[in-house]
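Asker: Let me give you the structure first, and then I'll get to my questions.
The values are calculated or read from the model by the stated rules, or taken from the named source; none is laboratory data. Model, not experiment: these values are computed from the prediction. In this analysis, Cβ positions are derived from the backbone assuming ideal geometry, glycine residues included, and neighbour counts consider all displayed protein chains.
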Amino acid sequence: MFRKVLIANRGAAAARVLRALKTMGIGSVVVYAEVDRELPYVAAADEAILLPGENPRAAYLDQQVLLDALAHSGADALHPGYGFLSEHAGFAARVEAAGVRFIGPAARWLDAMGHKTKARELMAMHGMPMAPSSPLLGEDDADILAAGEALGYPVLVKPAGGGGGIGMLPAHDGAGLLKAVAQARQAAARSFGCGDVYLERLVASPRHIEFQVLADTAGRAAVLFERDCSVQRRHQKILEEAPAPGLPRAAVDAMAARVAEVMQGLGYDNIGTVETLAGGGAFDFLEMNTRLQVEHAVTEAITGIDLVQAQIRLAAGEPLGAVLPERVALTGHAIEARLYAEDPVRFLPSPGRLNVLRWPCRPGLRIETGYAEGNVVTPHFDPMIAKLIVHAPSREEAMDELARALAETRIEGVKTNIPFLQQLLRDADFRAGRVHTGLTPQVVAALKAVRAAA
């Protein structure tokens, strides 16, 4: 097992990995930009290294600076958390070349799956069902328009080199497509260092279902059920739950078995998530994330398995059979709400000081946050304040318990999306399990009506 691990991340991601390391008795080193000096994770680690530079976001993305910190720390492993460089094949290869274990899939898998069109080609070769899409788009406008016509409008322009909803734009005709491609290329180049884009057919109100993969260095793979991530804003997830409501259990289990078979056939290693669009009982592959997901906690809740500890143990060379029980049981229902410092209707960031930050203490409730009262939510990073995860015997009980937890949460100093989340939990379609990616506008319209009537 590792002696000391450097965490190349910040905030809630760093805090989550720290918790696993402390439980396992492994030494920890964190890095931090000056604006993050007062965040709780910095004081919680065994060692902390200040990152140089005046641009906080760039500090966490500077590979050489991180490698220098790694060498200085004497750590024998690096955990990238989620986001930032967690799916950067070049960075993983440089870490490994320095004689340090990168806690995640091998660099070749980050490369193969990190570029979305390459991943789709690879998965299609191994029999994974695919959502209709185009090849990588070239620079010629005529070719771009031809790709849109061949696929059929409406289409979705997607960056090939990254995820998180960044740079994803819809287009309903040729003129809109050319504009969307230009904007998506710019956003992708800025965020991922790669301006490659491709098209997917835009499906109206589908279900976004993802499957949690664990695999060892010998290529043995398992899938720990599914998560429903359909409630989104700007193609970014707001609420996730497990298991997926309203889908035939047999169909979901069959797809999970297929995913496990494909990943084992590929020889994949460590952790990952296969994302799909679901409709009519069928699942179409979208992409694969070769990292720990933000929403991993709902899978932990229904399985009782600490995914971060499992990821670390697999990276240390332990076999899958030693990491997982012989049979992983699904128990109850879990829902995770992402609580953001943002306007609850327009979803615009609301940075500022958390003058009051008080969490409820309830049975079955788990809070994951990177902040303490008095900390500042800066404009430099994603404005998520915390994740509220509830686990209950049934979905109805989980929804009710989350509603109570949100009502008892006190945050002052910034706007939050709590009103949106509360309206979502009152929505008749959501409560009935009729969830889909088009639900958010419906909830926003209802929230506006409630506010207008008040």
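Per-residue answers, yes or no, for (1) out of contact with any Pro (no Cβ under 6 Å at 6 or more places or on another chain); (2) among the acidic types (Asp, Glu); (3) part of a helix (DSSP H, G or I):
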residue: 414; (1), (2), (3): yes, no, no
residue: 420; (1), (2), (3): no, no, yes
residue: 425; (1), (2), (3): yes, no, yes
residue: 442; (1), (2), (3): yes, no, yes
residue: 448; (1), (2), (3): yes, no, yes
residue: 452; (1), (2), (3): yes, no, yes
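Asker: Considering only residues of segment 346-373 that are within 22 Å of the chain's Cα centre (by Cα) and of a type in the set (A, V, I, L, M), which is surrounded by the fewest Cβ atoms within 10 Å (Cβ to Cβ)?
Answerer: Ranking the qualifying residues of segment 346-373, first place goes to 348.
Asker: Exactly one of (1) out of contact with any Ser or Thr (no Cβ under 7 Å at 6 or more places or on another chain); (2) without any contact (Cβ under 8 Å) to a residue 60 or more places away in the chain; (3) surrounded by 18 or more Cβ atoms within 10 Å (Cβ to Cβ); (4) not in a helix (DSSP H, G or I) is unmet by residue 401. Its number?
Answerer: (4)
The rows are residues; the columns are (1) buried (at least 23 other Cβ atoms within 10 Å of the Cβ); (2) modelled with pLDDT under 95; (3) part of a loop (DSSP other than H, G, I, E, B).
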| site | (1), (2), (3) |
| --- | --- |
| 288 | yes, yes, no |
| 301 | yes, no, no |
| 314 | yes, no, no |
| 325 | no, no, yes |
| 329 | no, no, yes |
| 334 | yes, no, no |
| 337 | yes, no, no |
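Asker: Hey, does segment 427-441 have a residue that's within 22 Å of the chain's Cα centre (by Cα), surrounded by fewer than 22 Cβ atoms within 10 Å (Cβ to Cβ) and without any contact (Cβ under 8 Å) to a residue 12 or more places away in the chain?
Answerer: yes
Asker: Among the residues of segment 429-440, which ones are hydrophobic (A, V, I, L, M, F, W, C) and not in a helix (DSSP H, G or I)?
Answerer: 432, 435
Asker: Quick one: residue 407 ticks every box in (1) touching a strand residue (DSSP E or B) at 6+ places or on another chain (Cβ under 6 Å); (2) farther than 19 Å from residue 330 by Cβ; (3) not in a loop (DSSP other than H, G, I, E, B) bar one, so which box is it?
Answerer: Failing condition for residue 407: (1).
Asker: Please specify each residue of segment 341-399 satisfying the condition of being of a type in the set (Ser, Thr, Tyr) and over 24 Å from residue 40 (Cα atoms).
Answerer: 394
Asker: Of 76, 62, which residue is of a type outside the set (Ser, Thr, Tyr) and free of Cβ contacts under 8 Å to residues at least 12 places away in the same chain?
Answerer: None of the others qualify; the one that does is 62.
Asker: Which residue is surrounded by the fewest Cβ atoms within 10 Å (Cβ to Cβ), if the candidates are limited to segment 119-152 and must be among the small types (Gly, Ala, Ser) and within 25 Å of residue 268 (Cα to Cα)?
Answerer: 127
Asker: Let me ask another. Can you say whether residue 44 is at pLDDT 95 or above, surrounded by fewer than 18 Cβ atoms within 10 Å (Cβ to Cβ) and small (Gly, Ala, Ser), as far as the supplied structure shows?
Answerer: Here the answer is yes, as residue 44 does meet what is asked.
Asker: Mind counting the residues in segment 301-339 that are under 23 Å from residue 392 (Cα atoms), in contact (Cβ under 8 Å) with a residue 12 or more places away in the chain and of a type in the set (D, E, K, R)?
Answerer: Counting residues in segment 301-339 that are under 23 Å from residue 392 (Cα atoms), in contact (Cβ under 8 Å) with a residue 12 or more places away in the chain and of a type in the set (D, E, K, R) gives 3.
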